[in-house]
Amino acid sequence: MRTKIWLSPPHMSGKEQKYVDEAFDSNWVAPLGPMVDAFEEELSTYLNIPHVAALSSGTAAIHLALIMLGVKPGDEVIASSFTFSATVNPIVYLGAVPILIDSEVRTWNMDPVLLEEAIADRIKKGKKPKAIIVVDLYGMPAQLDKIHAIAEKYEIPVIEDAAEALGSRFSEKFCGTFGRMGILSFNGNKIITTSGGGALVSFDAEKISTARFLATQARDEFPHYEHTHIGYNYRMSNIIAAIGRGQLEVIEDRVSRRREINRKYRELLKDREEICFQTEPSERYLSNFWLTCILIESKRTGFDRERIRIKLQLENIDSRPLWKPMHLQPVFKSYPAYVNGTSEKLFKTGLCLPSGSSLQASELELIAGMIR
């Protein structure tokens, strides 16, 4: 059997080793350190956002963002339904109530029309939402202009979950920089990786300062250990920040390569009318195409998503259904949801294809040939 083709494996550039060696040579192998400081500065420069806190995961970043927005037990927080569960889990950590919003067909992200309907309905019920978490799914920017206009109208802060969208842009501005706070992930399958890790970014210096304080067990300024707040062990370590510095040097190469893989899949499958792709709606959108995603019109072919996925699996090729919406997940199905059927259809007909930046041309052609 051939070597497995993974969906989105880590892709080391070789630039990481010099920073890791430097961290080892200086004996900075503990949490925090000069690599963390430098990684935060370099992320800040890349994203053109002044304040960055490097953390242990994107989930940790969402958790801290909600804490800093004052989310308490019983509060309601609006979130995209069509996402990974890590977007919604931190809401429940805090004893708050997720209000799940379905997708629109253009970007597959949060539907602005449903968002406004949900806000109006929650206010009518006596519960104004404390925050909105909008996701840039698979690297595709959401309709961020419309969502922010609605959020400003009702004075609700936005957290932008750009865990999958580092390097993506909306109206020439980087994803992750649109909300009150933005979330990044450097998990092993992301466009760049630190093996684990994430970041919280903001134009608000106080928010990032507070995030760093809470993320280091909320230790107060005393010579002994003094605590007046509940803290968390959420800071990034010096070693994985060293990996991140090397990865960040090649971020634009990685974005270009993922976009090229997406373009090549489209070219190889262009005559298959039964297959369509997640597509940038206009020139305002630039997706990193972290994953190339297709929809299969089974009524026209007799082949559904699962038959293709299983065929690829039998050939040792990794693929994955699109996210199962949170409002369909057993753990979240009891929470309020405002749905239009879009994400459910996407889940039933959609497939994520191998999209790693190390994917070889011959492998891509093999995958497309099997799908054809």
(Q) Between Thr3 and Glu41, what is the label-point separation in nm under the 7 Å Cα-to-beta-carbon projection? (A) 3.8
**Q.** For Glu76, residues with placed amide H under 5 Å, excluding near neighbours
**A.** Val97, Lys130
Q.
Output wanted: per-residue J couplings in Hz (rounded whole) for the stretch 227-239, from phi through Karplus 6.51 cos²θ - 1.76 cosθ + 1.60, θ = phi - 60°, x for Gly and Pro.
A. 9, 10, 9, 6, x, 9, 9, 10, 7, 6, 7, 5, 5
**Q.** Over the chain, equivalent-ellipsoid semi-axes from the Cα gyration tensor in Å
**A.** 33, 28, 17
Q: Find, among the trypsin sites (Lys or Arg not before Pro) in the stretch 1-87, those assigned to loop by DSSP (not H, G, I, E, B) with at most 13 other beta-carbon atoms within 10 angstrom.
A: Arg2, Lys4
Q: Could you pull out the pairs from Lys124/Lys299; Lys146/Lys348; Lys72/Lys333; Lys4/Lys173; Lys311/Lys345 whose alpha carbons sit more than 31 Å apart here?
A: Lys124/Lys299; Lys4/Lys173
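Count neighbours as other Cβ atoms within 10 Å of each site's Cβ, and list the GluC sites (Glu not before Pro) in the stretch 234-304 that are DSSP loop with at most 12 such neighbours.
Glu273, Glu283
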Q) Among 185-191, 207-213, 237-243, 144-150, what's the highest-first ranking by average C-beta atoms within 10 angstrom per residue? A) 237-243, 185-191, 207-213, 144-150
Q: Place the peptides 107-118, 222-233 in order of packing, highest mean first, counting for every residue the other Cβ atoms within 10 Å and averaging per peptide.
A: 107-118, 222-233
(Q) Just to verify a number: FRET efficiency for Asn48 and Asn189, C-beta to C-beta distance, R0 = 30 Å, to 0.05? (A) 0.70
Q | Candidates Ile261, Ile310, Ile132, ranked by Gaussian network fluctuation over the chain, Cα under 10 Å, top entry | A | Ile310
Q) Expressed in nm to one decimal, what extension gain is obtained for the pair Tyr225 and Phe24 from 0.36 nm per residue of sequence separation less their Cα-Cα distance? A) 69.6 nm
Q | Nitroxide proxy distance, nm - points 7 Å out along Cα→Cβ at Asp271 and Asn340 | A | 3.6
**Q.** Value of [θ]222 nm, deg cm²/dmol, for the chain, DSSP H segments ≥ 4, -39500 (n - 2.57) each, nearest 500
**A.** -11000 deg cm²/dmol
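Taken together, the values in this text are just the output of simple stated rules run on the coordinates, not laboratory data. Quick caveat: nothing in here was measured; it's all calculated off a predicted structure. Heads up, the Cβs are rebuilt from the backbone with ideal geometry, glycines too, and the neighbour counts pull from every protein chain shown.
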